[in-house]
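Taking it in order: structure first as structure tokens, then the write-up.
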Amino acid sequence: MTPEPEELLDQCIEHMRTGGDPEDILRQHPDLADEVRPLLGLTSELAGLPDPRPSMPTLMRTLTRLALRRPTSRRALMRAAAVFLCVCLAGWGAVAASANALPGDWLYSVKLLTERAQFFLTVNNEAKAELRIAFSEQRLTEMVRNYERGGGIDKQLLREMLDEAQDALDISPTLPEARRGLFLSRVAYLSDFQKSTLERLKERVGEEEQQELTRVIDACGKRCEQMCRMMGCGGGAQRQWTCTCPKCP
Amino acid sequence: MNEQKHDNVDAELLRRARGRDADALAALCEQIYPKVLKYMYYRCRPDTADDLTAEVMLRVVRGVERQNGSFWAWLYRIAANVVIDKARSAKSRREETMDEQMLAQRPEVASAPAAVGRHLDIQDAIGQLTDDQKELVVLKFVQGLSNAEIGEATGRTPEAIRALQFRALAALRQILGEGDKE
């Protein structure tokens, strides 16, 4: 008996949750498989959405409200709140908390210090350039997270994102010729990714922030094009490296 | 699939929390806080998730003495009510509705940068679902509840959950531009 697509989808989901392969079930219902299979892919993506982390000021406000809510149990709740805070801090860990910190968080300076230490402990130029790319990526991620937390568009983070990418490029002439092309293509890819992410953010913000984003989007676009020209992408001179820039063939 | 089945709340812990034992309340809060935060984060605007979670925690602490039956179902009923109250409150002030306010998803720092865009897409898409679809998607796939737990939390029959689940995922895919045009 052929099940309804709704039922088949549910069977597959339950099967996946117990570690099974949904194809075991879909194979028995080829007429419905094409309809159900894409939905299963989506369920995996939903299950993989990242866990949010509370901001420390909000957590403190919550604890205060919990502690003050009921005068009759204030003492017990105050103690519960204190224990809760300790458990949260210990459970998440200072290192992890620092890695997820955003500007304004008390651990953000720890994060920046860690980055600086990491950079100065790196002696190899190529590794330094890679770190600069990673920092640039990190600034974009922080900027998006900060926006989503209600912090608006952080111009400082945007500037640092561009500066880190430029610093990476400044190191590139010291790289061996054979490695330089690959590195430039990574910067091109990074610039294009940053541009497309900011273009999407731009649709959600006010006019003033749009202007700021436009400026940065243009800078990212120009950098990507510059990298591609340097590498001879888009029908230019043949080079010994292959560009990974999504705009290039 | 990322299995996120909720651990059962220890019966002894619950008993002590109901008796307002401070350590038990703290342990209970510590166990449920991340789950409630995640529910609010994907169900509502990311920038309101912390405050809505705080409200749920207050109601939990206030009401745990009278809690009975499935703890998770009870908890998510509270969370759903907080969302409804918030939406009503916003409506009464002629603010945007929760759906209209739905914005982008915060990416995990550890994620590859490319994942940021996909998370944003999915968060946007969840925000465009109907409220029933959104609740189902968050409870089932983001929070990892079973159909039985969802049924207990929402009062829906297994058949209704299956139908809603199918419609919600199809709608999500359509919004993401991956489904067939209807």
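The values are calculated or read from the model by the stated rules, or taken from the named source; none is laboratory data. The model shown is predicted, which means the values in this text are computed figures rather than measured ones. For neighbour counting, all protein chains shown are included, and Cβ atoms are generated from backbone atoms with ideal geometry for every residue, glycine included. Each accessible area value is taken on the protein alone, full model and side chains, heavy atoms only, with ligands, DNA and RNA left out. Shrake-Rupley method; radii C 1.70, N 1.55, O 1.52, S 1.80 Å.
Mean partner shielding of peptide B:164-172, defined as the number of other chain Cβ atoms within 10 Å of each residue Cβ, is 5. With θ taken as phi - 60° and the Karplus curve 6.51 cos²θ - 1.76 cosθ + 1.60 applied, the whole-hertz 3J(HN,Hα) list for segment A:30-37 is x, 5, 10, 4, 5, 7, 8, 3 Hz, x standing for glycine and proline.
Rounded, prolate or oblate: which fits segment B:1-72, taking a ≥ b ≥ c as square roots of the Cα gyration tensor eigenvalues, rounded meaning a/c under 1.5, else prolate when a/b beats b/c? The partial results should precede the final answer.
Working: a/c = 2.29, a/b = 1.43, b/c = 1.60.
The shape class here is oblate.
Model label sites at A:A127 and B:D132, defined 7 Å from Cα along the beta-carbon direction, differ in position by 5.9 nm. Counting only protein chain heavy atoms and rolling a 1.4 Å probe, the accessible areas of A:M230, A:M16, B:M40 rank, largest first, as A:M230, A:M16, B:M40.
Provide a whole-number value for the mean count of partner chain Cβ atoms within 10 Å of the Cβ atoms in peptide B:150-161. The partial results should precede the final answer.
On the way: counts 0, 0, 0, 0, 0, 0, 0, 0, 2, 4, 0, 2.
Counting other chains' Cβ atoms within 10 Å and averaging over B:150-161 gives 1.
Note on segment B:115-153 and segment A:173-199: Cα centroid distance 36 Å, given to the nearest whole angstrom. Couplings 3J(HN,Hα) for segment B:43-49, derived from phi with the Karplus relation 6.51 cos²θ - 1.76 cosθ + 1.60 (θ = phi - 60°), are 7, 10, 6, x, 7, 9, 4 Hz, where x marks Gly and Pro.
Across the residues of B:55-62, average count of Cβ atoms on other protein chains within 10 Å?
Values: counts 2, 1, 7, 5, 1, 1, 10, 4.
So the per-residue partner count for this stretch is 4.
Here the simple spin-label model places points 7 Å from the Cα toward Cβ, and for B:R66 and B:L176 these points are separated by 4.1 nm.
Rounded to the nearest whole Å³, what is the per residue volume of the convex hull around the Cα atoms of segment B:116-182?
Convex hull of Cα atoms, per residue: 80 Å³.
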